[in-house]
1. Looking only at the range 11-38, count how many residues are surrounded by 15 or more Cβ atoms within 10 Å (Cβ to Cβ) and either more than 18 Å from residue 51 (Cβ to Cβ) or touching a residue at least 40 places away in the same chain (Cβ under 8 Å) (or both).
2. Being of a type in the set (S, T, N, Q) and at pLDDT 90 or above: is that true of residue 32 here?
3. Answer with yes or no whether residue 56 is among the hydroxyl-bearing types (Ser, Thr, Tyr) and at pLDDT below 90.
4. Can you confirm whether the range 88-97 contains a residue that is surrounded by 10 or more Cβ atoms within 10 Å (Cβ to Cβ), part of a helix (DSSP H, G or I), of a type outside the set (Phe, Trp, Tyr) and modelled with pLDDT of 85 or more?
5. Residue check: is residue 73 exposed (fewer than 10 other Cβ atoms within 10 Å of the Cβ), in a helix (DSSP H, G or I) and among the charged types (D, E, K, R)?
6. I'm trying to understand the selection: among the residues of the range 41-58, which are of a type outside the set (Asp, Glu) and either surrounded by 10 or more Cβ atoms within 10 Å (Cβ to Cβ) or touching a helix residue (DSSP H, G or I) at 6+ places or on another chain (Cβ under 9 Å) (or both)?
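The values are calculated or read from the model by the stated rules, or taken from the named source; none is laboratory data. What you see is a predicted model; the values in this text were computed from it and never measured. As a convention, Cβ positions derive from the backbone with ideal geometry for all residues, glycine included, and neighbour counts pool all protein chains shown.
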Amino acid sequence: MELKQLHKYVDLYFKGQATLEQEAILMDYFSQPVVDVKFAQFKPYFEAIASERKQTYQGQLPAKPFSTTNWRRAVAIAAVAVFGFLMTQLNNTQAIQPTPEKLVFEEFKVHMYFVSQKLNKGHEGLVHMETFNQATNRFIKTD
């Protein structure tokens, strides 16, 4: 294999852009006992990858242990649901009855709002009155 092409494949490989065929060519080249001096630094890397690919797990996978967390989760969810239901029922049965002081205060607020509207309406009339006074003062001389 030509060294320029091999150098190109190595560059593509480390950029993550090499095809499977190019990777196979690199693996074949670096599996040889003699490698060019320029590529000697990459030989241990490709040998490690080749040895990792050959390894398989010979042991037995552990059985899935019995999990007690599933029923605990279910109990926790049920407890939260029951607590939420009881809280809403408790709030519904204890309907907030306003005290007589609060009723009087609410009535007072309604009356004050009504008075405020009337005062604002009267203030708007005063603004027009000021304009009228300015217009009449232009024509009537007070000496």
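1. Going through the range 11-38 one residue at a time, the tally reaches 4.
2. Judged against the criteria, residue 32 is not a match.
3. yes
4. No - not one qualifying residue is present in the range 88-97.
5. No.
6. 42, 43, 44, 45, 46, 48, 49, 50, 53
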